[in-house]
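Here, each number is a calculation from the coordinates, and none is a lab measurement. Bear in mind the structure is a predicted one, so any value in this text is a computation, not a measurement. Every residue, glycine as well, gets a Cβ built from its backbone with ideal geometry; the counts of neighbours run over all protein chains shown.
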Amino acid sequence: MLTISNLTVSYGLHRALGDVSLNVSAGEIVVMLGANGAGKSTLLRSVAGICEGQTGGRIDLSGKDILTRKSDEIVEAGIAFVPEGRGIFGDLTVWENLMLGAYSERGRRGKTKNLDWVLELFPKLKERKSQLARTMSGGEQQMVAIGRAMMANPEILMLDEPSLGLSPLLCKELFENLSHIRETGMGVLLVEQNAKQSLAIADRGYLIENGEITGENTAAAMLTDPAVQAAYLGGGAGSENRSQGGEDG
Ligand code: ATP
């Protein structure tokens, strides 16, 4: 279980997160909704140990404080992160990208089982295993990125705006795939602008505004909450489909 308690992050004089507390359990999908600049990426980057700001508070993974650990130790502890823009190695093949995901001791331990999961979830990756990652479509590259993160055998998988740039059809497929990841027992912490589709597959959600958590509820309750509807589901700026007309249309 991931438990974030009173996390604060400042970039110089700018306080990007103030007293953020949240948790993600095994087998649970938690979505974080917030406007541009609210601090969502800062939160995920802090958990992954790659935030450039000054941090305070606690981040516990199964009882161990990971806030001051290095990023490779955090991967070893059981956190995998798919950053915005995917972060795959374009000049390596699909297979090489997946194998790089299993470089940690933790990843090597579960390699065969994880590979089976990844290929069951994304059969296309098996068909395309020799293809250079940069020559794949945006949706396929997102599969490589998620597959690579799963190869690290994480307890918690974090994804920063995975639907960005995908066509509506590929978005649908992506969210279906994410809902299947829950069946492996992993906890998923998802940052999304696509509120409707992410809440539809999530168990719980948090709202973040100006670096503070301003709401928390079950995903089902959030979908029908008038305030959430007005801010994130009403078709206004940054709402449901920032990704429409994306690269894979
Ligand atoms: P978006 O949806 O636009 O990606 P976000 O909610 O992920 O936004 P963050 O990227 O976490 O927001 O940024 C939160 C605030 O911290 C913003 O005001 C941003 O300008 C600032 N910030 C983020 N990274 C840095 C950095 N490396 N140095 C200085 N300020 C930063």
Handout entry: segment 101-248 - charge dipole about Cα centre, Lys and Arg +1 at Cβ, Asp and Glu -1, debye rounded to 20
Key = 780 debye
Exercise for the section: With springs only between Cα atoms under 10 Å apart, run a GNM on the chain and tell me which of Ser198, Ser62, Ser46 wobbles the most. Expected result: Ser62
Handout entry: segment 162-204: proportion of alpha-carbon pairs further apart than 15 angstrom, %
Key = 35 percent
Exercise for the section: Counting other beta carbons within 10 Å of each Cβ, put Cys51, Cys171 in order, fewest first. Expected result: Cys51, Cys171
Practice task
Give me the distance between the Cα centres of segment 11-76 and segment 86-163, rounded to whole Å.
Solution key: 23 Å
Problem - Within-14-Å neighbourhood charge of Asp19 [Cβ basis; K, R +1; D, E -1] - result: -1
Problem - Packing-based order for 92-99, 67-74, 175-182, using average beta carbon neighbours within 10 Å, highest first - result: 92-99, 175-182, 67-74
Exercise for the section: Compute the Rg/Rh shape ratio of segment 132-238: radius of gyration over Kirkwood radius, all on alpha-carbon atoms. Expected result: 0.98
Fill in the blank from the handout: Bounding extents of segment 1-116 in its principal axis frame from Cα atoms, largest first in Å, are 43, 33, 25
Practice task
Take every DSSP beta bridge with both residues inside the chain and express the antiparallel ones as a percent of the total, to the nearest 5.
Solution key: 55 percent
Problem - P(r), alpha carbons of segment 82-140 - 5 Å bins starting at zero, rounded % - result: 4, 18, 27, 28, 18, 5, 0
Completion exercise
Unit-weight point scatterers at every alpha-carbon of segment 132-192, Debye formula, q = 0.18 1/Å: log10 I(q)/I(0) is -0.62
Handout entry: More than 21 angstrom apart: percent of Cα pairs within the chain
Key = 56 percent
Exercise for the section: Report, as a whole number in µm² per second, the diffusion coefficient that Stokes-Einstein gives for segment 82-181 at 25 °C and 0.890 mPa s using the Kirkwood radius over alpha carbon pairs. Expected result: 185 µm²/s
Completion exercise
Here, Leu132 and Lys111, labelled 7 Å along Cα→Cβ, have an inter-label distance in nm of 2.6 nm
Handout entry: Within-9-Å neighbourhood charge of Ile88 [Cβ basis; K, R +1; D, E -1]
Key = +3
Handout entry: Distance cut-off 11 Å, percentage of C-alpha pairs in segment 5-45 lying past it
Key = 70 percent
Practice task
Mind ranking 216-228, 154-166, 31-43 by how tightly packed they are, going by the mean number of other C-beta atoms within 10 angstrom, highest first?
Solution key: 154-166, 31-43, 216-228
Completion exercise
Which of Lys40/Lys172; Lys124/Lys196; Lys40/Lys124 exceed 24 Å between C-alpha atoms? The answer is Lys124/Lys196; Lys40/Lys124
